[in-house]
Structures are given as structure tokens and as C-alpha cells.
Amino acid sequence: MKKTKEETVEKAINDVTSTFINYRKENNLKQRDLANIIGTTQQAISRLEKKGINPSINFLEKALEKIGYKMEFKKIKE
């Protein structure tokens, strides 16, 4: 069954959100600590982890780089 565009975007955001949660837990960090590393607020991390925001791709890319990850996009012809 083919996924809708919205489902694909939601899955991608969930995957990235899980990366932040796992990084924080593996490194025994509080939300405030992760926020300081990324350059945002504790409240923004909380909302991100609760899926209370739809962050921009630019924010996600920069935040991931600060914790040692790269974001990759692929163009796939259907």
C-alpha cells in the first residue's frame, strides 16, 4: 500500500525525533542539556519529543549535525 505524502513526512519526523530522544538518553542528558548543545530552549526540546511541533527541515538538519548526524534526502522516481 502506497503511503501518502503526509504519512511519509510524519514518519521522517518521528525517526528524527527518536534520534534526539535516544541521543539524550544514551548520553544521560536532560532536555535542557540537549537544548544547550543544539542551541535552542528546553521547551522546544520538550515539544519536539512530544511531537507538539513540526520543526523546519533547516532546524532539524542543523540540530542533527550538532549531535553528530547528517540528514540525507533522496529523489526517487515513482
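The values are calculated or read from the model by the stated rules, or taken from the named source; none is laboratory data. Everything numeric here is computed off the predicted structure, so don't read it as measured data. Here the Cβ is made from the backbone with ideal geometry for all residues, glycine too, and neighbour counts use every protein chain on show. The accessibility values were calculated without ligands, DNA or RNA, using every heavy atom of the protein model including side chains. Shrake-Rupley method; radii C 1.70, N 1.55, O 1.52, S 1.80 Å.
Listing for the model above:
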read-out	value
Within the chain: Cβ-based charge dipole about Cα centre, in debye rounded to nearest 20 (Lys, Arg +1; Asp, Glu -1)	80 debye
Estimated D of the chain in µm² per second, where Rh is the Kirkwood radius over Cα pairs and Stokes-Einstein applies at 25 °C, 0.890 mPa s	184 µm²/s
Carbon + sulfur, % of accessible area of the chain - ligands and nucleic acids excluded, 1.4 Å	49 percent
Virtual spin-label span in nm between residue 71 and residue 19, 7 Å along Cα→Cβ	0.8 nm
Dipole of the range 15-78, positive direction: furthest Cα of 52, 22, 38, with charges on the beta-carbon	52
Most mobile of 26, 49, 65 in a GNM of the chain (Cα contacts under 10 Å)	26
Loop-resident sites, the chain, for chymotrypsin sites (Phe, Trp or Tyr not before Pro), counting at most 15 other Cβ within 10 Å (DSSP)	69, 73
